[in-house]
Amino acid sequence: MTTTVNPVLRVAPAAPAEAAAHFRAGLAFHTDVSDVAAALDAGGDAGFVLVDSRSTEAWDQGHIPGALHLPTALVPEQARELLDRSVPVVTYCWGPGCNGAARAALALAELGYRVKEMLGGFEYWVREGLVFETWQGRERRNPDPLTAPVDADDCGC
């Protein structure tokens, strides 16, 4: 008798200890929109600097309040002037289809900064209905029910 293994289990799941190490490591490198918003909304010093790594044109279309604009290409030239190495940095770019935040995080890490990437980027910040800034002032869009809980303060993650 032949046993067919489905595509999910064709490669067996890792042992629990290996899985825990993998996911713990991932959380050392990444954060998400909800966690960044909660930290910024808590008041006082969030304990990190939020860096928007997009172009000036993208920044002008909208950015997260309190973020520092430092395009990826300018990190090697300007990071030392703008950032304190003792303060962790969280980078973001457009969204999941953009690797600018990862490239900025790499450049910052190579300069000696502790850094995380905000998964979802500006796209998911806006899709979750969070406030953003443009030159015209602050704006907010209705949350996308596929990305933000309709009747809850967070995703329950």
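Where does the chain land at 222 nm, in deg cm²/dmol rounded to the nearest 500, when only DSSP H runs of n ≥ 4 count, each adding -39500 (n - 2.57), divided by all residues? Walk me through the intermediate numbers first.
Values: 6 runs with 55 residues, N = 157.
After summing the helix terms and dividing by the residues of the chain, the value is -10000 deg cm²/dmol.
With every protein chain present, what is the per residue accessible area of the chain (1.4 Å probe, Å²)?
Numbers: 9950 Å² over 157 residues.
Ligands and nucleic acids excluded, the figure is 63 Å² per residue.
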Environment charge at residue 140 (Cβ cut-off 13 Å; Lys +1, Arg +1, Asp -1, Glu -1) = -1
For the chain, with a Gaussian network of springs between Cα atoms less than 10 Å apart, report the residue from 136, 61, 78 with the top mean-square fluctuation.
-> 136
J(HN,Hα) series, the stretch 14-24, from Karplus relation 6.51 cos²θ - 1.76 cosθ + 1.60, nearest Hz, glycine and proline x | 5, 4, x, 5, 5, 4, 4, 4, 4, 5, 4
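Arranged from highest to lowest average of other beta-carbon atoms within 10 Å per residue, in what order do the peptides 24-33, 118-127, 4-13 appear? Walk me through the numbers before you get to the answer.
Working: 24-33: 14.3, 118-127: 22.0, 4-13: 7.3.
Ranking, from highest mean packing down: 118-127, 24-33, 4-13.
Going from the alpha-carbon gyration tensor of the chain, what semi-axes, largest first and in whole Å, does one get by taking the root of 5 times each eigenvalue? Kindly include the intermediate steps, with their values, before the conclusion.
Details: eigenvalues 192, 94, 47 Å².
Working through the eigenvalues yields semi-axes of 31, 22, 15 Å.
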Surface share of carbon and sulfur [accessible, 1.4 angstrom probe, percent] for the chain = 56
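The values are calculated or read from the model by the stated rules, or taken from the named source; none is laboratory data. In this text the structure is predicted, and so the values were computed from the model without any measurement. So basically every Cβ, Gly included, is an ideal-geometry build from the backbone, and we count neighbours across all protein chains shown. Please note that ligands, DNA and RNA were not included when accessible areas were found on the heavy atoms of the full protein model with its side chains. Shrake-Rupley method; radii C 1.70, N 1.55, O 1.52, S 1.80 Å.
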